[in-house]
1. Working carefully through the options Ser85, Ser47, find the one that is of a type in the set (Ser, Thr, Tyr), over 14 Å from Asp125 (Cβ atoms) and at pLDDT 80 or above.
2. Please go through the range 237-265 and give me each residue that is buried (at least 23 other Cβ atoms within 10 Å of the Cβ) and not hydrophobic (A, V, I, L, M, F, W, C), ordered by number.
3. Enumerate the pairs (first residue in the range 13-36 and of a type in the set (A, V, I, L, M, F, W, C); second residue anywhere and surrounded by fewer than 24 Cβ atoms within 10 Å (Cβ to Cβ) and not in a helix (DSSP H, G or I)) with beta-carbon separation below 7 Å, excluding pairs fewer than 6 apart on the same chain, so at least 6 apart or on different chains.
4. In the list Ser244, Ser234, which residue meets the criterion of being within 23 Å of Ile41 (Cβ to Cβ) and of a type outside the set (Val, Ile, Thr)?
5. Which one is nearest to Ala390 (Cα to Cα) among residues in the range 267-306 that are part of a loop (DSSP other than H, G, I, E, B) and at pLDDT below 90?
6. Tell me, which residue of the range 50-66 that is at pLDDT 80 or above and crowded, with 19+ Cβ neighbours inside 10 Å is farthest from Gly262 (Cα to Cα)?
7. Taking only the range 235-266 into account, find how many residues are within 24 Å of Thr363 (Cβ to Cβ) and at pLDDT 80 or above.
8. Would you check if there is a residue in the range 309-327 being buried (at least 19 other Cβ atoms within 10 Å of the Cβ) and out of contact with any helix residue (DSSP H, G or I) (no Cβ under 6 Å at 6 or more places or on another chain)?
Amino acid sequence: MRLPLRGELWRHRDFVRLWASQTISQFGSQITLLALPLVAIVALDASAFEVALLGTFEFLPFLLFALPAGVWVDRLPRRPILAASDVGRAAALASIPIAYALDALTIWQLYAVGLLTGTLTVFFDVAYQSYLPSLVGRPHLVEGNSKLEMSRSGAQIAGPGAAGGLIGVLGAPVAVVIDALSFVWSALLLFRIRAREPEPERSEGGSIRAELLEGLRYILDDARWRAIAIYVASSNFCNSVAFSIFLVYAVRELGLSATTIGLVFGIGNVGWLVGAAAAGRVTGRFGQGPTMVWAAAATGPALLLVPLAPQGFPIPFLIASQVLAGAAIVLYNVSAISLMQAFTPDRILGRMNASRRFIVWGTIPLGSLAGGALASAIGLRETILVGTVAACFCFLSMVFSPLPSIKELPEEPPGLPPDELRLPLETQAADA
């Protein structure tokens, strides 16, 4: 399979800077992905529920702050929001090795860092997906999203192995320094982007509450976006139930070391690279909507391999699950994100992304809490089995929606005057 190295965006200097920024921070984040829960498990001897609660704090901001973040992202230039979020996350993460060196690190500091970095991630993610269409233009969204997913895939392949090695040599608290530095480097690259953003368009009326509700209506009144939101929200909840306690399971029941876990993730995440490399070709052949639906359908069964892995030799099952689920998730992500970016008017893009994140990522802390409680009641493997079985049925919301009939992306989003946003979006789509 050829990687998608061709395309016009290789010559787009500002996109290359954004891409490089994301690549660097994604590699750094792989360290923290392993390091933070391992700090809690190994250095602080946290229980399964306390580790799951760490995931709750990291994703709780999507429930608390995603909707107002969307309003501000639509009101303000987006590139400064991206850079400021990177700088803030670097400072928060740097506090962990400092506290560890002073013998003052506690589980409550990890929760505080998780909450702060999660809040800044809310602003970054909403601004980031709203910034890309204005930077590269809607005709290049699939190419842009594919390249960005390739960076994430590369980080997920090489990052966990490197992270496991660094954690093994330096210890989890000290290894977090690398992630903090990656956010600083990412911010410096974002500051070098020269393209001027279009002036943000303000909605009539202007109150935060009115603009916030406008974004929610845009998601919930459209059968396409509503089906996507139901699928991702339910899938995220089920996966959080299963995998909020996975590292506890891997360390305490499967007896895997940080280095081994990193290698499993690194090898297994080849699937993410395969999905990113194939996304343009697959969507071009089968269409955006069908690719989304059947990629989503394949994800749940692939994740079932984790709880079905025999305790004596689990590694092949864990790797196979990562490869298959990773490829399917990336195919879904590239198709779904490109579709929503292409059909959404720029003036409401921030609120669309924020409303979607509020709905679909807001279920993650709830799933983490449920996973921690369930693991305490029925056991770690049993909890993972419950979550992955339920995840197999989440894609059905998209099967019975207009999504399977959407083959191509429009070059420009349909025009939506402010008052039309109060009408059912199915009517507007028919007029587009």
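The values are calculated or read from the model by the stated rules, or taken from the named source; none is laboratory data. Since the model is a prediction, treat every value here as computed from it, not as a measurement. A quick note on method: Cβ atoms are made from the backbone with ideal geometry, for glycine too, and the neighbour counts reach across all protein chains shown.
1. Ser47
2. Of everything in the range 237-265, those that are buried (at least 23 other Cβ atoms within 10 Å of the Cβ) and not hydrophobic (A, V, I, L, M, F, W, C) turn out to be Asn239, Ser240, Ser244, Gly262.
3. Pairs that qualify, where the first residue is of a type in the set (A, V, I, L, M, F, W, C) and the partner is surrounded by fewer than 24 Cβ atoms within 10 Å (Cβ to Cβ) and not in a helix (DSSP H, G or I), are Leu18/Ile193.
4. It is Ser244.
5. Asn269
6. Ranking the candidates gives Phe65 first.
7. Selection size over the range 235-266: 16.
8. Looking through the range 309-327, at least one residue is buried (at least 19 other Cβ atoms within 10 Å of the Cβ) and out of contact with any helix residue (DSSP H, G or I) (no Cβ under 6 Å at 6 or more places or on another chain).
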